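First the structure, in the form of structure tokens, and then the observations on it.
The values are calculated or read from the model by the stated rules, or taken from the named source; none is laboratory data. Not measured: the values here are computed from a predicted model. Note that we place each Cβ from the backbone using ideal geometry, even for glycine, and neighbour counts take in every protein chain shown. Surface areas here come from the heavy atoms of the whole protein model, side chains and all, with no ligands, DNA or RNA. Shrake-Rupley method; radii C 1.70, N 1.55, O 1.52, S 1.80 Å.
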Amino acid sequence: MFSARTAWDRTQNLLAARLETLERRGTTPIDLTVGSPGGCGLAPDEGWLREVLARGPLATYAPEPLGHVGARQALARDLTRVGAHLEPGQLVLSASTSEAYAWLFALLCDAGDSVLVPAPSYPLLPFLAELSSVDLRPFPLPEDPLGALDVDAIADIADETTRAVVLVSPANPTGWMLGEADQVRLDALCAGREWALIVDEVFVEFPRRGRPARSVAARPGEALTFALQGLSKSAGLPGWKLAWTAVLGPGPERHEALARLELIADAHLSASAPVQRALPDLLSGAPSWRAGVALRIEQNARALLDARPPDAAWDVMPSAGGWSAVVRLPHTADETEVALALLEAGVQVQPGHFYDFPRGRWLVLSLLPTPPRFEEGVSRMARTLGRRFSRG
Ligand SMILES: Cc1ncc(COP(=O)(O)O)c(C=O)c1O
């Protein structure tokens, strides 16, 4: 009765089962996997949100498939902060970035076509691709957060079914960031092969190490390019369900893409009208909320480095952006065993294979928890790792 593509393995993983047992016994480990700022004392101000929503009409409905013009004009102005100079007509609104991926897969791929994706990467991508009957082909991301992409390796894994390359920049969870030189080389590859370039920039507003926040839309090239972002990360409002896709590239392809996207969007009309009307005000208020998150990220990133003894056998990987930190364990480590041992020690982290890391020796930590919880969590982690991987 059901489709083969939704026959996913739903068996509970070892960590979830262990966590359930611990919680049944009344033990709740410190959660260093939390992905939403709202759960960490960083929710946008409730009063301000009520006020913003109440400013526009709430009952009228005049659907515009690509999104309300006023909302897209405000977005085009706001995106100049990340270096993009766009016409409102280059922006497409959807309910979420996930939905934007589905629309782009529908726009670019027929069943069985393939898309090249980074590994490690965002865990939802394989599900989104499968739901669209698209094959994913992984290519490796550099470990250095500012390291050059191996564009030849990307070209090598492609075949005649390939339709697009996806990048997440800053990458989730490694914090790798697409630099201008890589963008130029990738643009040439994609334009030459008639592939689209899809860049998920949901964390673009959260650069680290003094990097500027810069969108791929700052430097449109010759390839048809889509840059994705949304309120979920840029304003801390995942529940308000609004995201945007900037469509860039040479005129004819761009116009055709927008005309087709308009029909796809018209079939859904999924972006909420009151939230679209509130968008100009939300965009004006978002920078102060982001500043609070950026401060939290910096503080916790420093606490993680401080928790690492100088002679530790594990490392904190450098990152150029985003909300996560990655810990590299010694070669001999089994990340699932380590994550289970950490649960016993009262701290919950994610093993790297949740994100398609190679070789099983990586842990992923959220940098969002409140500083006292985070510091206690990483000190428990450092003690456990110290006992497990003592040098000599
Ligand atoms: C890289 C990346 N892209 C997209 C999303 C989802 O965004 P949205 O809530 O707009 O679907 C997430 C959420 O964590 C993410 O990490």
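Here segment 2-51 and segment 187-238 have alpha carbon centers that stand 27 Å from each other. The amide H of Gly321, built 1.01 Å from its N in the peptide plane, has Arg208 as neighbours under 5 Å, considering only residues 5 or more places off or on other chains.
Between 0 and 90 degrees, the angle of helix 251-268 with respect to the longest Cα principal axis of the chain falls at about 80 degrees.
What the pair-distance distribution of the chain shows, using all Cα-Cα distances binned every 20 Å from zero, is 27, 57, 16, 0 percent. Scalar couplings 3J(HN,Hα) for segment 33-43, obtained by applying the Karplus form with A = 6.51, B = -1.76, C = 1.60 to θ = phi - 60°, are 10, 4, x, 10, x, x, x, 10, x, 10, 5 Hz; x denotes Gly and Pro. Model label sites at Asp152 and Gln299, defined 7 Å from Cα along the beta-carbon direction, differ in position by 4.7 nm.
The H on the amide N of Ala164, modeled in the peptide plane, is under 5 Å from the matching H of Leu116, Ala196, each at least 5 residues off or on a different chain.
Mind running the shape call on segment 191-297? Use the C-alpha gyration tensor, a ≥ b ≥ c as the square roots of the eigenvalues: rounded below 1.5 for a/c, prolate if a/b tops b/c, oblate otherwise.
On the way: a/c = 2.77, a/b = 1.30, b/c = 2.13.
Judged from the Cα gyration tensor, segment 191-297 comes out oblate (a/c at least 1.5, b/c at or above a/b).
Within the accessible surface of the chain, defined with a 1.4 Å probe on protein heavy atoms only, the carbon and sulfur portion equals 53 percent. For segment 59-285, the spherically averaged projection of the C-alpha convex hull amounts to 11.6 nm².
To the nearest 500 deg cm²/dmol, what mean residue ellipticity at 222 nm is calculated for the chain from DSSP H runs of n ≥ 4 alone, each contributing -39,500 (n - 2.57), summed and divided by the residues? Intermediate results must be reported in sequence, preceding the final value.
Values: 12 runs with 155 residues, N = 392.
-12500 deg cm²/dmol, from helical runs alone.
The calculated FRET efficiency for the pair Glu222 and Asp311, based on their C-beta separation and a Förster distance of 35 Å, comes to about 0.10. Comparing Leu116, Leu231, Leu22 in a Gaussian network model of the chain (Cα springs below 10 Å), the most mobile by mean-square fluctuation is Leu22. Given R0 = 35 Å, the distance between the Cβ atoms of Arg81 and Ala59 translates into a calculated FRET efficiency of 0.60.
With the simple model of a label 7 Å out from the Cα in the direction of the Cβ, Ser272 to Ser36 spans 1.2 nm.
Once the C-beta distance of Ser379 and Gln12 is scaled by a Förster radius of 30 Å, the resulting FRET efficiency is 0.55 to the nearest 0.05.
With the other protein chains left in place, how much accessible area per residue, in square angstrom, belongs to the chain at a 1.4 angstrom probe?
Details: 17360 Å² over 392 residues.
That works out to 44 Å² per residue.
Along segment 116-132 the Karplus relation, 6.51 cos²θ - 1.76 cosθ + 1.60 evaluated at θ = phi - 60°, assigns HN-Hα couplings of 8, 10, x, 9, x, 7, 4, x, 7, 3, x, 5, 4, 5, 4, 4, 9 Hz to successive residues, with x for each Gly and Pro. Name the shape class, rounded, prolate or oblate, that the alpha-carbon gyration tensor gives for segment 33-92, where a ≥ b ≥ c are the square roots of its eigenvalues, rounded holds for a/c under 1.5, and otherwise prolate holds if a/b is larger than b/c and oblate otherwise. Taking the square roots of the gyration eigenvalues as a ≥ b ≥ c, segment 33-92 is oblate. For Arg50 and Glu256, the difference between the fully extended length at 0.36 nm per residue and the C-alpha to C-alpha distance is 70.3 nm. For the chain, the longest principal axis of the C-alpha atoms and the axis of helix 371-388 are separated by about 50°.
Work out, step by step, the length gained on full extension between Asp144 and Gln73: first 0.36 nm times the residue separation, then minus their alpha carbon distance; give nm to one decimal.
Numbers: separation 71, 0.36 × 71 = 25.56 nm, distance 3.68 nm.
Roughly 21.9 nm would be gained on extension.
Could you work out which residue, out of Arg193, Arg214, Arg25, moves most in a Gaussian network model of the chain, that is, has the largest mean-square fluctuation with Cα springs under 10 Å? Comparing Arg193, Arg214, Arg25 in a Gaussian network model of the chain, the most mobile one is Arg25. Just Ser379, Ser288, Ser121 to compare: in a GNM of the chain, with alpha carbon springs under 10 Å, which one fluctuates most? Result for the chain, Cα springs under 10 Å: Ser288 fluctuates most. Here the Karplus relation 6.51 cos²θ - 1.76 cosθ + 1.60, evaluated at θ = phi - 60°, turns the backbone of segment 169-185 into coupling constants of 9, x, 6, 9, x, 7, x, 5, 10, 6, x, 5, 5, 5, 4, 5, 5 Hz, with x for every Gly and Pro.
What is the extension gain from Leu263 to Thr21, computed as 0.36 nm multiplied by their sequence separation minus the C-alpha to C-alpha distance, in nm to one decimal?
On the way: separation 242, 0.36 × 242 = 87.12 nm, distance 4.86 nm.
Fully extending the segment from Leu263 to Thr21 adds 82.3 nm.
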